[in-house]
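This report concerns only the one structure given below.
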Amino acid sequence: MMNVMTRTEAEVGAGEQIKVEARDVNVFYGDKQAIRDVSVDILDRTVTAFIGPSGCGKSTFLRCINRMNDTIDSSRVSGLITLDGQDIYARDLDPVQLRARVGMVFQKPNPFPKSIYDNVAYGPRIHGLVRDKAETDAVVERALRDAALWDEVRDRLQEPGTSLSGGQQQRLCIARAVATQPEVLLMDEPCSALDPIATAQVEELIDALRQEFSVVIVTHSMQQAARVSQKTAFFHLGNLVEFGDTDDIFTRPKDPRTESYISGRIG
Amino acid sequence: MIAIAFLMLFLASITGYLVNRQAALAIRSGGTRLHSLAGFHGLYSLLLIMVPALLLILLWLVLQPVVIERMVMNGLPAGTLEGLDSGAVQLIQAEIRSIAGGRVFGTPDPWKLEAAERMNSLQGRAGWLLLTVLTGLMAAALVFSRSRVSAEFRARQGVERIVLGLMLSCAVVAIFVTVGIVLSLVFESLRFFSMVPVTEFLFGTRWEPQMPIRADQVAAEGAFGWIPVLLGTLVITVVAITISVPIGLMSAIYLNEFASTRFRAVAKPILEILAGIPTVVYGFFAILTVAPALRAAGAALGIPVAPNTALAAGGVMAIMLIPFISSFADDALAAVPRSLRDGSLALGATRSETVTKVLFPAAIPGIAGGVLLAVSRAIGETMIVVMAAGLMASMTINPLDSVTTITVQIVTLLVGDTEFDSPKTLAAFALGLMLFLVTLAINILALRIVRKYRELYD
Ligand SMILES: Nc1ncnc2c1ncn2[C@@H]1O[C@H](COP(=O)(O)OP(=O)(O)OP(=O)(O)O)[C@@H](O)[C@H]1O
Ligand SMILES: [Mg+2]
């Protein structure tokens, strides 16, 4: 993993290449269609925000990108999604490997009932990213620093992760995802359980993570989308209504539905 | 008489209900708002009539025979019972009772016939007395409850209080029964310990409860050291647990995490059937199938195998415990929040990594509680070991030997002609007390663990 702080502007600018490409994605739960013909390009080293009213399919689409929908028995996905040009729904692709490359942070903090240290070391250990204790220590510290949690927990790494406060738990979950060194980080309403201070910390963190990964964030807060993202996708009733630069979406929405959602008339 | 009493009780309660309800409805149609619904006024009357009357009938049923018998025996001609021991008196009582019931054998003494007649007439009178008292009681209750009907009367709370009292008394009955059972165990054990020193019982390594049956019979002094019996129990329990825990856990994990819904729909009921098989049937299985198979296997390998091995009994007990452990582990695993599963999978863990590294550790307290409960069931299990384990108490931990268990010994000590004042039979109570203490300790521990883990995720 590269150091967050030493990346140059030039490198960030080089992230204009497409990381995840979705074409005509449809998702069904049983007979019910939750996503209709969604096509979207997610750029490398960019924060993409998914916004839209509740139940419009943001989480569903997000879960397609790391195939977490596979764990829901009734769900069925069609269409094409590629990661670095590789079809992630191809027969010979191992979803377990895919999820190591596409990390996920959930709406509700879900630390494992293990120590803080073991929570963060979980991913690196199962993927064989660390060989010995010293390496694990280093990875854990780096991930906790990246998640802006290190200073608060450096003296209590062996305490259970569940003993942290909600905001700390969420940052722990982010550290846990970051430690696995993913290429894409999916975040489903990561701040919905957090207070404004913790939210600000997480947003800062997202901005820092952008230097290394491509981040996709689902949020209900317009301000948050405007603050952290460069690209925004607006979903409505399972359709991708509008996708473009965040500035454009928030200042010059093309679709009337986008405009009324942003101005608070539908939601 | 009793049938009539119950019929009256039924009719009176219904009447009380209707009367009070009607009265309450009348108040309401008069335009006043009632505190309680009319139905509650009715119910209040119903309970007030029924509960005391029911208690009266029950009390009467218990006391009437005793009192009448006492009266009859006291009314016998003076001097008839003089010099007879209690056994003979009981015999006379029984004879009078059977004559009164119309079963006359031979030609009884005239004073017995007279006593029987007295008994019959007393019973007839007692019946009428019951009906009279009952009528009075119910009438009083009816009048009283009717007088309470008014707009402000809180019949709703009244009903609640009565029902609360009923529930409380049920709970108290359960507690009293438990205490009574424990006390009887303790007292009989104390009698045993007055004959056999506690230290000999607790630390003795010989268990030979064969006592001379007649005073002149030549036989060895009995030995009452429970250690070999305890050891036998532990051997069988250990065998049962070591076999059943891995199988039960694996099946729970498979069913919970890997099995398709279709497989689960078939496998779960089958496990439940396994749990529903009577233990006596497991006993057959142990004797007829497992034990001979073990002996044959032993013979083929050249290992001496006793006919009643601890392995056979423990193995069959393990089969009995599998569904128990499996369903406990299943519940514990299912109680782990889905978010933990998703969190692990989203980090790129496989399903088995998720199970072993996240779900299983999270579920361990619940599973441990289940296993402990299974242990206490194994220790207390009786039928399988009575049929499949041996009778000889030996100091061994070899599962291929024949061992005996606490429960088996209790059964053999108490079966057949027994007197409840020899150490042989009283030893059964001491064993029972120990068994009770051991399982109680395990259960308390298990419930503690289970409760602690429930708190974790609620
Ligand atoms: N496991 C499931 N089984 C069946 N239907 C589901 C399931 N999960 C989601 N859905 C349905 O799919 C649709 C989209 O749900 P999704 O969770 O993606 O919405 P969302 O945009 O994330 O909403 P929110 O903002 O409230 O989280 C909804 O209509 C929902 O009822
Ligand atoms: Mg959602």
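The values are calculated or read from the model by the stated rules, or taken from the named source; none is laboratory data. Just so we're clear, the structure is a prediction, and the values are computed from it rather than from any experiment. Backbone-built Cβ (ideal geometry, glycine too); neighbour counts: all protein chains shown. We work out accessible area using only protein heavy atoms, side chains counted, and drop any ligands, DNA or RNA first. Shrake-Rupley method; radii C 1.70, N 1.55, O 1.52, S 1.80 Å.
Once C-alpha pairs closer than 8 Å and six or more residues apart are averaged by separation and normalised to the residue number of the stretch B:316-367, the relative contact order reads 50 percent.
Name the residue, out of A:231, A:58, A:108, whose mean-square fluctuation peaks in a Gaussian network model built on chain A with Cα pairs under 10 Å. Result for chain A, Cα springs under 10 Å: A:108 fluctuates most.
Judged by the gyration tensor of its Cα atoms, with axes a ≥ b ≥ c, the stretch B:262-321 is prolate; a/c meets the 1.5 cut and a/b is the larger of a/b and b/c. Taking one equal scatterer on every alpha-carbon of the protein assembly as shown, how large is log10 of I(q)/I(0) by Debye at q = 0.05, 0.07, 0.10 1/Å? Each listed q corresponds, in turn, to -0.51, -0.84, -1.08.
Evaluate the charge dipole of the stretch B:223-457 about its Cα centre and quote only its size in Debye, nearest 20, assuming +1 on the Cβ of each Lys and Arg and -1 on the Cβ of each Asp and Glu. Mind dumping the intermediate values first?
Details: 14 positive and 12 negative charges, 150 e Å.
With only Lys, Arg, Asp and Glu charged at Cβ, the dipole is about 720 debye.
Think of the protein assembly as shown as a dipole: +1 on every Lys or Arg Cβ, -1 on every Asp or Glu Cβ, centred on the Cα centre; then among A:250, B:29, A:57, B:29 lies furthest on the positive end. Between residue B:274 and residue A:43, the simple label model (points 7 Å from Cα in the Cβ direction) yields a spacing of 5.9 nm.
Sorted largest first, the spans of the alpha carbon positions of the stretch B:223-457 along the three principal axes are 67, 44, 28 Å.
Using 0.36 nm per residue, how much length does the chain from residue B:289 to residue B:264 gain when fully extended, once their Cα-Cα distance is taken away? Write down the numbers at each step before the final one.
On the way: separation 25, 0.36 × 25 = 9.00 nm, distance 2.88 nm.
The residue B:289-residue B:264 span can extend by a further 6.1 nm.
Of B:81, A:83, A:194, B:91, which has the most accessible area and how do the rest follow, probe 1.4 Å?
On the way: B:81 50, A:83 5, A:194 25, B:91 125 Å².
Result of the area sort, largest leading: B:91, B:81, A:194, A:83.
For the charge dipole of the stretch B:223-457, defined by +1 on Lys and Arg C-beta atoms and -1 on Asp and Glu C-beta atoms about the Cα centroid, which residue among B:347, B:270, B:370 has the Cα displaced farthest towards the positive pole? About the Cα centre, the residue reaching furthest to the positive side is B:347.
Within 13 Å, Cβ to Cβ, of residue A:241, how many net charges do the neighbouring residues add up to if Lys/Arg are +1 and Asp/Glu are -1?
Working: positive: A:36, A:58, A:254, A:257; negative: A:37, A:242, A:255, A:259.
Spelling it out: positives minus negatives among the neighbours equals 0.
Can you find, among A:29, A:117, A:139, the residue sitting farthest towards the positive end of the charge dipole of chain A, where Lys and Arg contribute +1 and Asp and Glu -1 at Cβ? Looking along the dipole axis, the top candidate is A:29.
Which helices count as membrane-span-like in chain B under these terms: full DSSP H, at least 30 Å along the axis by C-alpha, Kyte-Doolittle mean of 0.5 or more?
Numbers: long enough: B:2-29 (40 Å, 1.41); B:38-74 (53 Å, 1.71); B:110-148 (57 Å, 0.31); B:155-195 (60 Å, 1.55); B:227-253 (38 Å, 2.26); B:310-334 (34 Å, 1.60); B:423-457 (51 Å, 1.09).
Span-like helices, by this rule, are B:2-29, B:38-74, B:155-195, B:227-253, B:310-334, B:423-457.
Placing pseudo-labels 7 Å out from each Cα toward the beta carbon at residue B:441 and residue A:223 gives an inter-label distance of 6.2 nm.
Probe radius 1.4 Å, ligands and nucleic acids ignored: give me the carbon and sulfur share of the accessible area of the protein assembly as shown as a rounded percent. Ligands and nucleic acids excluded, carbon and sulfur reach 62 percent. Dimensions of chain B along the principal axes, based on C-alpha atoms and rounded to the nearest Å, stand at 81, 79, 39, largest first. So what does the Cα-only Debye profile of chain A read at q = 0.10, 0.14, 0.15 Å⁻¹, as log10 I(q)/I(0), no solvent term? Debye intensities relative to I(0), on a log10 scale: -0.50, -0.99, -1.13.
Using C-alpha pairs under 8 Å with a sequence gap of at least 6, the mean separation divided by the residue count of chain A gives a relative contact order of 26 percent. Using the 1.4 Å probe convention, the accessible area of the stretch B:223-457 works out to 44 Å² per residue with neighbouring protein chains retained. Applying both filters, DSSP loop and at most 11 other Cβ atoms within 10 Å, to the GluC sites (Glu not before Pro) of the stretch B:360-458 gives B:419.
Potential lengthening of the chain between residue B:173 and residue B:203 amounts to 7.1 nm, from the contour at 0.36 nm per residue minus the alpha-carbon distance.
Only Cα pairs under 8 Å and at least 6 apart count here; give the relative contact order of chain B as a rounded whole percent.
Numbers: 549 pairs, mean separation 76.3, N = 458.
About 17 percent, as a whole number.
Restricting to DSSP H runs of at least four residues, report the calculated mean residue ellipticity at 222 nm for chain B, -39500 (n - 2.57) per run over all residues, nearest 500 deg cm²/dmol. Rounded to the nearest 500, the figure is -25000 deg cm²/dmol.
With all protein chains present and a 1.4 Å probe, how do B:452, B:112 order by accessible area, largest first?
Details: B:452 145, B:112 25 Å².
Sorted descending by solvent-accessible area, the residues read B:452, B:112.
Projected label points at residue B:86 and residue B:22, each 7 Å from Cα along the beta carbon direction, are separated by 5.6 nanometres. The longest stretch of chain B left intact once loop-based chymotrypsin sites (Phe, Trp or Tyr not before Pro) with at most 12 other Cβ atoms within 10 Å are removed from consideration, loops following DSSP, is B:106-419.
Using a Förster distance of 45 Å, how high is the FRET efficiency between residue B:70 and residue B:254, based on the Cβ-Cβ distance and rounded to 0.05?
After rounding to 0.05, the efficiency reads 0.10.
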